[in-house]
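The values are calculated or read from the model by the stated rules, or taken from the named source; none is laboratory data. Remember, predicted model here, so these are calculated numbers, not experimental data. Neighbour counts run over all protein chains shown; Cβ positions are idealised from the backbone, glycine included.
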Amino acid sequence: MPMPSACEPKTGVVLLDTREHTPEHEHAVHLKLAAGIAGLLGCHHVEPDHSPTAADGYYYLPTETLVDPQRQAAIGIHTEHDLFGGVVSHPYMATKAISHPLPANANFPPGWTDAFALQASDALLCGYTVFSKADARRAAELLLRDGPLRLKPVLACAGRGQQVIVALDELEPLLADMDDQALGLWGLVLEEDLSGVETYSVGQVRVAGLTCSYHGTQQLTRDHQGIEVYGGSDLIVVRGDYQALLQLPLEDHLRLAINQAMTYEQAAEQQFPGFIASRRNYDIARGYDAQGHLRSGVLEQSWRLGGASSAELLALQAFAADPALQRVHASTHEVFSTPDLPADATLFYQGNDSELGQLSKFARIREHDHSE
């Protein structure tokens, strides 16, 4: 069966929720994103009454990075033009586990390659990925020689579940709670701990013949328990690829972050067979190591829907509506209350979420710039 052309129109946009549980506020946002992307593609958001096949001609909006290109091809996902998100060939490739090499003689899952970390080394912090508890102990011993380390579960989001370890005996109770089978499949990251950290976002989306790229920062807010959580993203978005982004007047640390994201992405494209992605987002940390040296490196990738995707959608819509538009300032906002919304806000969710309580999620576009 011939592969469909990237130019063939889509018959509908399907929200592909692959998670065991999706919070109601996230599902509401995903539905709005699906409707918005459908508008860009000139079709409608649909809910199929059958299991989709390649013959349906759908465009997909997965909630996670998809694994196994052959299985995705069966429903019509062949290229980046078939989904908003990404596809990889092995589970670990969908997580921050790719961001570091293995310690010497370590266990590893099918498909593992140290070639990614070798090629992307200039874009990475010091650290190791492990797939067994014995290797975690060995990696911790090596890293602790230079200072504290950060233990990072690879399936957690927004920094949840991370622990800073300053002595080897602090590791054992944390490992005791981990499932060996899950650890062997997904991995665990141990990474140098930085102080005074600033985190930057660099990304790119490609939908309906449009490409836009951005740099930005994330904000924190307090939830109803007083815990600091993700509160939104503030992005400068340009029409075009990363080279268009680099044409902006940028401070040196932002230019470095963009170049590190590009290095990381190029390594993925070259070292991961079957990798495709139309939505690419990278978190880059800048801070000080235990010796007081300034460090910068990519923490992780997101080849799926993310917290910045509502701002990405508004930027895509703005560029589609105005061919002369070159740059916008886009932002997302998550507020644990019911605020008076700004006049330029696009509301994605507002309600009393059964898990999080009162919550408002909206996005804004400001500072339209037509200059070349």
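Table for the structure above
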item: Cβ pairs under 6 Å, 6+ apart, first in the range 310-339 and among the basic types (Lys, Arg), second crowded, with 18+ Cβ neighbours inside 10 Å and at pLDDT 95 or above; result: ARG327/VAL238
item: Residue within the range 186-194 that is of a type outside the set (S, T, N, Q), outside the structural domain of HIS293 (by TED's automatic domain parsing) and out of contact with any Lys or Arg (no Cβ under 9 Å at 6 or more places or on another chain) present; result: yes
item: Failed item, numbered, when GLN350 is tested on (1) touching a Ser or Thr at 6+ places or on another chain (Cβ under 6 Å); (2) closer than 23 Å to SER213 by Cα; result: (2)
item: Some residue of the range 268-277 being surrounded by 15 or more Cβ atoms within 10 Å (Cβ to Cβ), touching a residue at least 40 places away in the same chain (Cβ under 8 Å), closer than 24 Å to ILE236 by Cα and not charged (D, E, K, R); result: yes
item: Subset of the range 246-285 (residues that are part of a strand (DSSP E or B) and touching a Phe, Trp or Tyr at 6+ places or on another chain (Cβ under 7 Å)); result: ALA277, ARG279, ARG280, TYR282, ILE284
item: Count of residues meeting criterion [surrounded by fewer than 22 Cβ atoms within 10 Å (Cβ to Cβ) and assigned to a loop (DSSP other than H, G, I, E, B)] in the range 77-94; result: 4
item: Tally, over the range 227-246, of residues that are in contact with a strand residue (DSSP E or B) (Cβ under 8 Å, 6 or more places away or on another chain) and at pLDDT 95 or above; result: 11
item: Condition met for GLN225 (free of Cβ contacts under 8 Å to residues at least 24 places away in the same chain, in a loop (DSSP other than H, G, I, E, B), in the same structural domain as ILE365 (by TED's automatic domain parsing) and more than 17 Å from the chain's Cα centre (by Cα)); result: yes
item: Within the range 230-248, considering residues that are closer than 16 Å to ARG279 by Cα and of a type in the set (Gly, Ala, Ser), the one nearest to the chain's Cα centre (by Cα); result: SER233
item: Whichever residue in the range 205-218 is without any contact (Cβ under 8 Å) to a residue 40 or more places away in the chain and assigned to a strand (DSSP E or B) and, among such residues, is surrounded by the fewest Cβ atoms within 10 Å (Cβ to Cβ); result: THR217
item: Among residues of the range 139-173, those that are surrounded by 17 or more Cβ atoms within 10 Å (Cβ to Cβ) and without any contact (Cβ under 8 Å) to a residue 60 or more places away in the chain, counted; result: 11
item: Some residue of the range 182-204 being in a strand (DSSP E or B), closer than 30 Å to LEU41 by Cβ and polar (S, T, N, Q); result: yes
item: Those residues of the range 97-152 which are among the hydroxyl-bearing types (Ser, Thr, Tyr), over 24 Å from GLY287 (Cα atoms) and either assigned to a strand (DSSP E or B) or at pLDDT below 95 (or both), in sequence order; result: THR113
item: Unmet criterion (only one of (1) part of a helix (DSSP H, G or I); (2) in contact with a Gly (Cβ under 9 Å, 6 or more places away or on another chain); (3) among the hydroxyl-bearing types (Ser, Thr, Tyr)) for SER296; result: (1)
item: Single residue of PHE362, PHE319 found to be part of a strand (DSSP E or B) and of a type in the set (A, V, I, L, M, F, W, C); result: PHE362
